[in-house]
Amino acid sequence: MSDLKRTPLYKEHLRLKGKIVDFAGWEMPLQFDSIIEEHNLVRTKAGLFDVSHMGEIEIVGPAAISYSDYLVTNSVATMKNGEIVYSPMCNEKGGVVDDVLVYRISNNKTLFVVNASNKDKDYDWIHKNSKDFEVQVKDVSDNYAQIAFQGPIAEEILSEISQVRLDQIPFYHFAEGRVNGIKALVSRTGYTGEDGFEIYTEPDAAVPLWRKLLEIGGPKGVKPIGLGARDTLRFEACYMLYGNELNDQNTPLEAGLKWTVKFDKNFIGKDVLAKQNEEGTEYRLKGIEIAGKAIARHGYEIVDGDNVIGWVSSGLFSPTLGKSLALAYLKKDYWKLGTQVGVSVRGKVVPATVVKTPFYRGSVKSKG
């Protein structure tokens, strides 16, 4: 693994006996305990995630807001400073280059938080399209470590060492201040379906903060959580995973993300999406429940008799709900709740039913 990158917390993962794997070119912990135990801990208490592998791209200049607004389908122009928006960033054909979080830092500065596997591609895309805008685009990923602290008791524990008033940070907002005496940006965001925070610090500050959170949270059950549970948690809450639900071909409308597409402004790929919005899509992402304990893996075919009517993007046996569930792209005639379909699992067709999403709603705050 010598060519792989390491986060500032890599030695902590070794010290805590994390099982290290290659993830998007990084040496990251898959798990410390069993994945199911880690999953349940985040659902009931709180867990600590190293997400320092995520990329950060800064857009600075007089046109930072208008350019950011042009890059993504959701609205940056209508945001206030201190707000965050989740959005697809599309190519000219309406496919998704990446799904990102856009932090509106000021009237002339935004921060795009991007998926680790897409960081270089995203930077090239953002830089390439900036020529007509008075902005500078900077890859500032090396300036940040990022720790996610997620779960129903995350605020209670983090408040003990935060000089930032966490109860004053609404969902999808952020504040800058000190946590454990360390300068930090704290956002009320996450990828688990539970309440919690993502804390951005300088790389050198990550280890003391990580250790402090485990020290004060340990008596209440807090433990480090690996990538395995991060995936099962996001899946139950039906958060998108790039490369599974999202890619360069499928559009946000097909992925069920119409709420992130604002047609009253200009953005890359708008013409294609506007036409698709008018005419409808052939496929759309839906939730299905599989009979028994068979697991529908990524890429498995969805069938109706001899006809292939879709494919699985993600699937697993839900630890929280005790059911085998999947997200799948289905043809139009099969979108209605309760529709019966089949999943081709290792040559055998297993019955499945179209069900409501998200599969699970936890302690995550609402924008309402």
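The values are calculated or read from the model by the stated rules, or taken from the named source; none is laboratory data. Everything numeric here is computed off the predicted structure, so don't read it as measured data. Glycine gets a Cβ as well: all are built from the backbone with ideal geometry, and neighbour counts include every protein chain shown. For accessibility, only protein heavy atoms count, side chains too; no ligands or nucleic acids. Shrake-Rupley method; radii C 1.70, N 1.55, O 1.52, S 1.80 Å.
Tell me the relative contact order for the chain as a rounded percent, counting alpha carbon contacts under 8 Å between residues six or more apart.
So the answer I get is 18 percent.
Sequence gap at least 6, Cα distance under 8 Å: using those rules, report the relative contact order of segment 237-328 to the nearest whole percent.
Relative CO of segment 237-328 lands at 26 percent.
Highest GNM mean-square fluctuation, the chain, Cα pairs closer than 10 Å: which of ASP98, ASP264, ASP231?
Residue with maximal mean-square fluctuation among ASP98, ASP264, ASP231: ASP264.
Project the alpha carbons of segment 233-306 onto their principal axes and report the range along each, largest first, in whole Å.
46, 33, 18
Sequence gap at least 6, Cα distance under 8 Å: using those rules, report the relative contact order of segment 178-222 to the nearest whole percent.
31
Compute the FRET efficiency between LYS212 and ASN307 as 1/(1 + (r/R0)^6), taking r as their Cβ-Cβ distance and R0 = 51 Å, and round to the nearest 0.05.
The value I calculate is 0.35.
Could you tell me the extents of the chain's C-alpha atoms along the three principal axes, largest first, rounded to whole Å?
Answer, in whole Å and largest first: 62, 51, 45 Å.
Residue by residue through segment 234-243, which ³J(HN,Hα) values in whole Hz follow from phi under the Karplus form 6.51 cos²θ - 1.76 cosθ + 1.60 (θ = phi - 60°), with glycine and proline marked x?
With the stated coefficients, segment 234-243 comes to 5, 5, 4, 7, 6, 7, 6, 10, 5, x Hz.
So how much accessible area does ASP142 have, in Å² to the nearest 10, using a 1.4 Å probe?
140
Taking θ as phi - 60°, what are the ³J(HN,Hα) couplings along segment 259-271 by the Karplus curve (6.51, -1.76, 1.60), each to the nearest whole Hz, with x for Gly and Pro?
Residue by residue, segment 259-271 yields 5, 9, 10, 9, 7, 8, 9, 9, 7, 5, x, 4, 4 Hz.
In the structure shown, do any of LYS80/LYS265; LYS93/LYS286; LYS183/LYS262; LYS121/LYS336; LYS11/LYS323 have a Cα-Cα gap over 28 Å, and if so which?
LYS183/LYS262; LYS121/LYS336; LYS11/LYS323
Mind listing the long-range amide H neighbours of VAL114? Cut-off is under 5 Å, sequence gap 5 or more, other chains count too, H placed in the peptide plane at 1.01 Å from N.
GLY55, GLU56, ILE57
Can you list the residues, at least 5 places off or on another chain, whose amide H is less than 5 Å from the amide H of ILE309, using H built in the peptide plane?
ILE302, VAL303, ASP304
Of all GluC sites (Glu not before Pro) in segment 208-313, which ones are in loop regions per DSSP and have a Cβ with at most 15 other Cβ atoms within 10 Å?
Here the GluC sites (Glu not before Pro) that fit, given the DSSP loop and packing criteria, are GLU282.
For VAL179, enumerate residues with amide H under 5 Å from its amide H, sequence gap 5+ or separate chain, H modeled in the peptide plane.
GLN163, ALA184
Computed on alpha carbon atoms, what radius of gyration and Dmax characterise segment 226-368, expressed in Å?
15.6, 47
Spelling out what I want: for every residue of segment 101-109, take phi, set θ = phi - 60°, compute 6.51 cos²θ - 1.76 cosθ + 1.60 (Karplus), and round to whole Hz; glycine and proline get x.
Result, rounded to whole Hz: 9, 10, 9, 8, 6, 7, 5, 10, 7.
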